[in-house]
Each structure stands twice: as structure tokens, then as C-alpha cells.
Amino acid sequence: MLLLIFFLFNFFLSIKIFTNYSWRLSFCLSLQLFAFLSWFFVELFGFFDAIAWYVCFIFWLFPTLFSIFYLFNNRKKLPKIEFVNLKIQPTIVLLGSVFLFTFLSGILYAPNTIDSTVYHLTRIEFWLQHKNVNYFATQTDRMLYQPPLAEYMILQFRLLKDSDTFSFIIQWLFAIGACLGVSLLAEIAGANKKVQQLSLFIAGTIPMLILQSSSTQNDVVVAFFIIMTALHLLKNLKENKSTSAFLSGISIGEAILTKGTAYVFLFPICMFWGIMKLIKIYNKEVKFIQQLKFLMLLVIPFLTICLSFYYRNYVLIGSPLGVSKELFYVYNNQSHTISSFLSVVFRNLSLHFTFPGIHLIAEKIIYFLHQSILNVSVNDPATSFCPFDLPMLGMTEDNAGNLLHILLIIPALTFVFKSRNTTLKAITFFGIFSFLLFCFQIKWQLWHSRLHIPVFLLMSIPIAFFIEQYKFSKPIVLLIGISAITFSLFCFNRPIIKFPPLTSNVYFSESRIAQFYTMQEEKGNQMQAVIKYLQKKNFKTIAVKSEEKYGNDILYPIMYNLRHKSKFYPVQMFNQTKSLDSTNMNFDAVLFFTSTPPDTLKIVNNYKKNVINSSDLFIFTPLKNINKH
């Protein structure tokens, strides 16, 4: 694990020396390089079924040694930082405190975000078992078709540490990178140093970003790549250089390989770049052949990064995007009338008004708009993934709202409208248009506020420009700072300070298994008994059968705790992956995820239900050996 930290640090300094870019941009590029090399490692050695600890160690050792050699030979070129002359800004100190608290939150707790235990981390355990990332039989097909780049990076730490303790570090590092990227975008827009610092601060105090930064999901990671795409494309428009075009292609590929929502958020950014290039060609400001070269430099890296993922999806599902017709209808809007569109827009906006009392007012407004103006159901299945509801106070990485930030966006838009800063207007356009496109395309979900992170990062820039113009900026900054500290200390699932009901009852001093189930303490106790039983019996081969379409949060803790003892084989799927099920062996035990278990179960042999079970998980052992257990 220390090898990877050493690699990041050394390449951060090496990029600074080699390119003479700013410290901020050098750090962001080092993260992009790490993502690219993680992809290269997984795809290359996965092809040879060679994803293993020693291979990973050697792979990262060589570039680290090279960077050390390069730094030693160029040590005189490294700019010196005069710490005596540094002015420590209160906003930077406060932001540093926020990231310190989220680091502690991530390292002290088990990775207990539900989506992480359902598929983000579970598929990493299967990759380690198989030593490749080939598609495998599983009832939770999200382990396959969901873009995997964030997990590729987590895999590096998981391999070298043989632990999930630092799995959160990817989101945490990329949260820092995203904030720095926002400040660089502000610089592109002509912001002075004060506005750049303000944009950095506003981005770093987004509640959802704070809570996500200690999790093992991918929402912050994809947001970082989207910000870097905007940065590189705007630089390309300004400087007309091939380097920025190539880095744009890398950023687009990394964004798309991280999360499918990247298509939506990248569209307005790429569209703006394309239109501006056509205008420049028409006005003969640039040559057509040169811009065609830039387009190739953009497309080739993107396709190179995504090609193997597209291929695996096409072979299994018949679509490179990995979305079957059934899934398309599940997640995408089936009605695009003006009323349906506005319904999704208003409901997505309402997700950021999750504050006691305010959430009730927001709910009443939403119901009034639907009943009296829009004349559509608030739970219309054509535009709803789940029933409409607003939490009283969202303090988790799935349901937190960005109340103060969304309130600041409204006056910031007025400021931008009056401004003559075309780059600032373009960045604001990226944020607003991508949000509207998101609402047009994707069904409303209660958990969508985390998917809005790219929008709030982009809108941090006009907010910073707006705040800097007025005398009341200090009270606003103070209020945002207090909010940020609160969210970093009182994350519901991973609190630094336990304070029920604001946080869960589970604390970092409790067992790691209990930490996985912060809202289901009894389930945590049951899982401890199940895992102890499985460890005691030393089962070598365990079949996994499931009736749960969207997966469960039970399998990952079991696989992780038995990672050196057992191998797991999904069996008897009823989805498209059943074609990948070639298992024909006798198992030592069967884990059956169901609410209505039979007394006996037939896989290859007959198995009987055991007395040691958990909520919706039942252990079956060979019928002939049941008396021994």
C-alpha cells in the first residue's frame, strides 16, 4: 500500500518538474496517470489470469523506481516552497480539517455503503478469486455491466494491503483532486487568486462530496474526470495544442469507464468544444486538418480505454454499453412530455432541501405542483424508479442534500447572466445543461443527489465569482464552513462523533462486521455468527444461489472474511449470465439468499438447510453430512 502512495507522490513531483505545470495541475495529472496505469495493469494481466499480489508489486515498483531516479537527477529543478512566506488562509485550514475528518472516517470504519457491499467491492473479491476481470455467472449483474475503473484502482490497494482498510482512499484522493480541478477551471475563467480559493472552498464543502469522500463508491471519481475533461477542452480552445486534446481523450475515457452517467455530463462539454471548433474553422482562425488531428487525439485514447469493457458487454448482452432493453426501461424515462420533464426536474431539485422542517415544505410544494399545475402523478412509473419521499435530514452518502449550495446557485446565475465573462458563462452552461439533460433522460430516484456532484462542482465557480463581489461573503463562508464540519464529523454510517439519531448507534470501536450494518444491529449480530460458523467449518468451496435481483449486502463481508480459505461459485442464475455458469462440482456448502427457503436444495447433490442462518441468508450443507454440522 505504501508503494502506491510513494508512486503517487513521486509522480506528482516528477510531473511538476517535467511539465512545469502548477502544483494543482500536477497533482490532478498524477491521479489521472494512476487511473490509466491501474486500467492498464488490470486489463493486461487479467488477460493472462495473472492478477496477483506479486505481479501488482512488481508492476508498480518499476515506475516508482524510475520516478525516484528522475527526481534525483533533476532535484535542482524542483521549485522550493518558502513555508515562512506562506499565508495560511482560514478557508484552507477549515477545508483541511474537513478532509482530515473524512480520512479518519474512512480508515476507522469498514466500507459500509450499501452499493459498495452489493457490487462495488464484491466484484473485486471475485476478480481476485478468478485472477482476471472476465465476466462470470452472477445474479447481481451490476458486478459486470457497471463501468469498473474506480474498482480497478481500489483493487491495487486491496491487492498490496490484503485488506479493505484503504479502499476508501480512491474517493478521498479524487475528492481533493476534484476541488483542485474546480479551482483550475476558475483560473481558466479569469478568476483572481481569491476567487480560485473560494471556488476550491465551495467545492470542498459540498455535503454530498464530503460524505462520499470516505466511501467506496465512484461518484466523486467520475466527477473528477468530468471536471478534468472540461479543463482540458477549455485549455484546448484557448491554446490550440495537441497535449490538451490528448488529455481530453484520456479524461473522457476514464470518466466513461468509471460511471455511465458520464455520458450525460460530458455531452454539453464536448458539444460546446465541437461547436466552438467549427466556428473557429469557419472564421479561418484555425486549420481544418489540425482540428481533425485534435479530434483523433481525443477519440483514440477514449476508445482505447473503453474498448475491452465495450467488448465484454457486447459479447454478454449484445450492447457495448451493457444496458439490455429491460434495464433501459428500468432506469430511463419513458415519458418526455413537458409535464413529465418538469416533474423530474422539480423532484431532483427537492432532494437538496433535506433539512428538518424545510423538507416538509419542499414535499408540500412538490405535491402541489404535480396536482395543481403539472397534472401528473408524483409517482408516475414512467419517470420514477421508486416512490417520492424526502428524508428529514440526509446525513449519508446516499441521501444528503446540498441546501446552502443550491440556494447560492440562484443569485449566482443572475450574476453570470449579467457578466461578460464568456468562459464563466460556458462553465455555468455545462452545469445547468447537464443537469437538465440528466433529468430528461434518467428516472427520478431518492438517491440521485450523489449523482449531482458534477453539477455542484461546476456551479462552485459561478458561486465563487458571485460571493467575491459582495461584502457579506464572510458570513456565507462561515455558514458553509460550519455545515461542512458538521457533515464531516457526523456522517451517519461512519461518524467521528456518535450522536444518535443524527448518526447510527454503531461506532468504530465495535466489531468490523457490526460496522457493515449501521441501521440493522441485529443483522450485524447474525452475520458475526454466520461468519464464525463458516470460518470454523473451513469450507473450501461454497456455492452462492440468490433470488435477489439487485443483489444484497451480505455476500461481501462473507467473501472478504473467508478470502484466504474459501472460493465462491454463483449457481442457478435466472438472468443472462446463466450462460456463463459451467460449474458442475460438489460444494462444501451453499449460501442461499432468499426469504422463503426450502428444507432441501439440489445443486449437483442434495443439500439441507442448516440451523445457523441470517436475515434472508440460509446455509445449506450436504445432506449426508448434516448430522456432523
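The values are calculated or read from the model by the stated rules, or taken from the named source; none is laboratory data. Keep in mind it's a predicted model, so treat the numbers as computed, not measured. Cβ atoms come from the backbone with ideal geometry, glycine included; neighbour counts cover every protein chain shown. Heavy atoms of the whole protein, side chains included, go into the accessibility calculation; ligands, DNA and RNA do not. Shrake-Rupley method; radii C 1.70, N 1.55, O 1.52, S 1.80 Å.
Summary of values
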quantity: Of 241/425; 537/608; 238/425, pairs whose Cα-Cα distance is over 19 Å; calculated: 241/425
quantity: Lysine pairs in the stretch 257-416 with Cα atoms under 17 Å, if 8 or more residues apart or on separate chains; calculated: 4
quantity: Contact order normalised by residue count of the stretch 446-589, Cα under 8 Å, 6+ apart, percent; calculated: 14 percent
quantity: The stretch 387-463 - percent relative contact order, Cα under 8 Å, separation 6 or more; calculated: 46 percent
quantity: Solvent exposure ordering (accessible area, 1.4 Å, most first) of 395, 296; calculated: 296, 395
quantity: Carbon/sulfur fraction of accessible area - the stretch 502-575, other protein chains in place, 1.4 Å, %; calculated: 50 percent
quantity: Cα gyration tensor shape of the stretch 422-486, rounded if a/c is under 1.5, else prolate or oblate by comparing a/b with b/c; calculated: oblate
quantity: Global geometry of the stretch 535-629, whether rounded, prolate or oblate, following the gyration tensor of its Cα atoms and the 1.5 cut on a/c; calculated: rounded
quantity: For the chain: accessible area per residue (Å², 1.4 Å); calculated: 43 Å²
quantity: In Å², nearest 10: area of residue 447 left accessible to a 1.4 Å probe; calculated: 90 Å²
quantity: Relative contact order (%) - criterion: Cα under 8 Å, at least six apart; region: the chain; calculated: 16 percent
quantity: Sulfur and carbon atoms: percent of accessible area, the stretch 141-217 [1.4 Å]; calculated: 52 percent
quantity: Between helix 358-368 and the chain: long-axis angle, C-alpha atoms, 0 to 90°, nearest 10; calculated: 90 degrees
quantity: Charge dipole magnitude, Cβ of K and R +1, D and E -1 - the chain, Cα centre, debye nearest 20; calculated: 1360 debye
quantity: Folded to 0 to 90 degrees: helix 453-468 orientation relative to the chain principal axis, Cα; calculated: 30 degrees
quantity: Extension gain (nm, one decimal) between residue 520 and residue 319, 0.36 nm per residue minus Cα-Cα; calculated: 68.6 nm
quantity: Sites residue 287 and residue 18, calculated FRET efficiency, Cβ-Cβ separation with R0 41 Å, nearest 0.05; calculated: 0.90
quantity: Value of [θ]222 nm, deg cm²/dmol, for the chain, DSSP H segments ≥ 4, -39500 (n - 2.57) each, nearest 500; calculated: -19000 deg cm²/dmol
quantity: Accessible-area ranking of 581, 49, largest first, probe 1.4 Å; calculated: 49, 581
quantity: Cα gyration tensor category, rounded, prolate or oblate, for the stretch 114-191 with a/c compared to 1.5; calculated: prolate
quantity: Zone of residue 338's modelled label, taken as backbone nitrogen in the stretch 426-446 under 19 Å from a point 7 Å along Cα→Cβ; calculated: 436-437, 439-441
quantity: Residue 93 versus residue 360: modelled label distance in nm, points set 7 Å from Cα along the beta carbon direction; calculated: 4.0 nm
quantity: Potential lengthening between residue 77 and residue 329 on full extension [0.36 nm per residue; Cα-Cα distance subtracted]; calculated: 85.1 nm
quantity: Distance between modelled label sites at residue 389 and residue 468, nm, 7 Å Cα→Cβ extension; calculated: 4.4 nm
